[in-house]
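The values are calculated or read from the model by the stated rules, or taken from the named source; none is laboratory data. This structure is a prediction, so every number in the text was calculated from the model and none was measured. All Cβ positions, even for glycine, are placed from backbone atoms using ideal geometry, and neighbour counts span all protein chains on display. The accessibility values were calculated without ligands, DNA or RNA, using every heavy atom of the protein model including side chains. Shrake-Rupley method; radii C 1.70, N 1.55, O 1.52, S 1.80 Å.
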Amino acid sequence: MSETPAKAFLRPGKVFLLTLAGVLIYLVALVVLVPAGWLWHQASGYVALPPEVQVSQVSGRVWSGTAGVVVAGYPVRLEWRLGMPSVSGLSLPVGFSLSSSQSSVDGNVSLGWQGAGTLSASGHLAVAEFEDLIRRSGGAVIEGDVTVDRLALSWQDNRVTQADGVGRWAGGQVTWPMGNNIGQAEFPPMLATMDSTSDGVALVISEQGGNGPAADAEIRWNGMMELRVYKRMIDLADQPWPDSASPGDVVFRVKQPLIPGGAL
């Protein structure tokens, strides 16, 4: 009676599976146990951030942590939570929360393969918190909060491919510079919508239920912003203007960096 040859315990296939399992366990332990502050200290020298953004006080773990971020002089607290990676979609979901002293934005990011991804967020912005920045840029200051109902972005190859958003303001007093004086007026509730363009995003501001834009802005990827104000905005502000102009006429146009002093 012949004996069945004994099979080797460590066959090539089993060695490969054990090695793969060991690598996966190591990666999971790395994400769960490694301090986020240590990892950021190692990687910060290889991450190119805009000059207006500084990161400090990173704490927690890679899986879930917090960081202090200063954007254009404004301190912001960032919290993140990694979700389970999607093998079929080759993506990593990340939940995040951005909060300052008076404003907050919550949302989710899906980081895909080869630099692709999506973002969805909502929140509220306290305009008074950014009054100094707005006045330095010569803009108008509104009272109260702006509610961001929806903000959705998609990008690929380090470029935004689609943008969509809706924001609301309940109305109230608006002040703006007028030479050496300050102009002011009571405005009705306003609506802001965002859409993508060929080289940036477009923001349109109109009266809720109105018949056309009161102002619009195009923010380009090179950091420049072009703003147009229509006669319709002058009418909402109850300011004098020649009767020959129609509500849809552009009465003011300006082109400048989005962040004063920022590099183009």
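The table below lists the values:
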{"quantity": "Accessible area (Å², 1.4 Å probe, nearest 10) - F187", "calculated": "20 Å²"}
{"quantity": "Accessible solvent surface per residue of the range 44-104, calculated while the other protein chains remain in place, 1.4 angstrom probe, Å²", "calculated": "60 Å²"}
{"quantity": "Accessible surface, the range 125-264, averaged per residue in Å² (probe 1.4 Å)", "calculated": "59 Å²"}
{"quantity": "Gained length - W63 relative to N180, 0.36 nm times residue gap less alpha-carbon distance", "calculated": "36.9 nm"}
{"quantity": "Cβ-defined net charge surrounding V94, 13 Å radius [Lys, Arg +1; Asp, Glu -1]", "calculated": "-1"}
{"quantity": "Within the accessible area of the range 159-198 (1.4 Å probe), percent carbon and sulfur", "calculated": "50 percent"}
{"quantity": "Computed label-point distance, nm, for sites S120 and S97 using a 7 Å Cα→Cβ extension", "calculated": "1.9 nm"}
